[in-house]
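Visitor: One structure is given below, represented as structure tokens, and several questions about it will come after.
The values are calculated or read from the model by the stated rules, or taken from the named source; none is laboratory data. It should be emphasised that the depicted structure is a prediction, and the values quoted were computed from it without experimental measurement. As a convention, Cβ positions derive from the backbone with ideal geometry for all residues, glycine included, and neighbour counts pool all protein chains shown. We work out accessible area using only protein heavy atoms, side chains counted, and drop any ligands, DNA or RNA first. Shrake-Rupley method; radii C 1.70, N 1.55, O 1.52, S 1.80 Å.
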Amino acid sequence: MKIMLVDDDKMTRDSVASFLRALGHEVVEYEDGQQALAAVPSASPSLILSDIRMPQMTGIELVKQVTSLPLEKKPRVVLFTGYGTMESVLEALRAGAFDYILKPVNAEAIVALIDRINYAPGAKTGAETNPLSAGTSIPLGSCTLEVTSPGMEHIVQQAYMYHRDRGVPVLIRGETGTGKEIVARLIHYGDGSDEPFVDINCAAITNNLF
């Protein structure tokens, strides 16, 4: 996916851009809303991530301007805000924003956002976002996982990302039987690890022993 990242805060911009590129996306960066707006027709991004509070042009104004451009396919615009008041959220959505993300921006929020955009009505899916194909078999130690849906393909790609970056702590949540341990095995084994996987049932351990 081609993503336009607009933020006058270089530290935030560098961090988010680095993460998006690690996910395989093409990212173009701008520190000013006016520069980004001028580049939209030629850059043809699928997604614009923009801060709300910026000098010269706010993120709200950028959304309004992008929405009014005579483009065959308009990019979705998502706004960053460090001030998550109901007023700012409503203003962003009324201006035409697809969604908003609270600052400081975290990896989980970005992954969930891109997942919603990829599988939203009218969005392109398939090889553009998930290189795996339906019916792929993935060895997970003593068992094998069969990938049969676009949603599962996305989870596998996300697990591979966490497998490569071992410095990121991961919490997997879900009801009984939804496959939390399978996702844990995906992260552990990644695309070829043969190190042992040790699962511990913490609920079966007393508080003192734990």
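Visitor: For the chain, which longest stretch is free of loop sites, where a loop site is one of the GluC sites (Glu not before Pro) that DSSP puts outside H, G, I, E and B and that has at most 13 other Cβ atoms within 10 Å?
Guide: Excluding the exposed sites themselves, the longest stretch runs over 1-71.
Visitor: Is segment 12-104 rounded, prolate or oblate when judged by the Cα gyration tensor, a ≥ b ≥ c being the square roots of its eigenvalues, rounded requiring a/c under 1.5 and prolate requiring a/b larger than b/c?
Guide: Here segment 12-104 falls in the oblate category.
Visitor: Ok, one more. Summarise the accessible area of the chain (1.4 Å probe, protein heavy atoms) by the percent that is carbon and sulfur.
Guide: Carbon-and-sulfur percentage of accessible area, whole number: 53.
Visitor: Pairs of lysines 8 or more apart, or on different chains, with alpha carbons under 16 Å: count those in the chain, would you?
Guide: 8
Visitor: Still on this model: With just the Cα atoms defining each centre, how far is segment 104-118 from segment 9-77? Give it in Å.
Guide: 15
Visitor: Further question on the same structure: What figure in square angstrom, to the nearest 10, would you give for the accessible area of Tyr162 with a 1.4 Å probe?
Guide: For Tyr162, solvent-accessible area is about 30 Å².
Visitor: Quick check for you: with a 1.4 Å probe and neighbouring chains kept, what is the accessible area per residue of the chain, in Å²?
Guide: Ligands and nucleic acids excluded, the figure is 58 Å² per residue.
Visitor: Right, something else. Taking θ = phi - 60°, what integer Hz values does the Karplus form 6.51 cos²θ - 1.76 cosθ + 1.60 yield along segment 99-115, in sequence order, with x for Gly and Pro?
Guide: Residue by residue, segment 99-115 yields 6, 9, 10, 7, 8, x, 5, 10, 4, 4, 5, 5, 4, 5, 4, 5, 4 Hz.
Visitor: Let me ask something else. What does the charge dipole of the chain about its Cα centre add up to, to the nearest 20 debye, if the Cβ of each Lys and Arg holds +1 and the Cβ of each Asp and Glu holds -1?
Guide: 320
Visitor: Using a 1.4 Å probe, how large is the accessible area of Lys74, given in Å² and rounded to the nearest 10?
Guide: 90
Visitor: Also, I was wondering about something else. Could you tell me how many degrees, from 0 to 90 and to the nearest 10, lie between the Cα long axis of helix 86-95 and the main elongation axis, the longest principal axis, of the Cα atoms of the chain?
Guide: Taking the Cα atoms of the chain, the angle to 86-95 is about 70 degrees.
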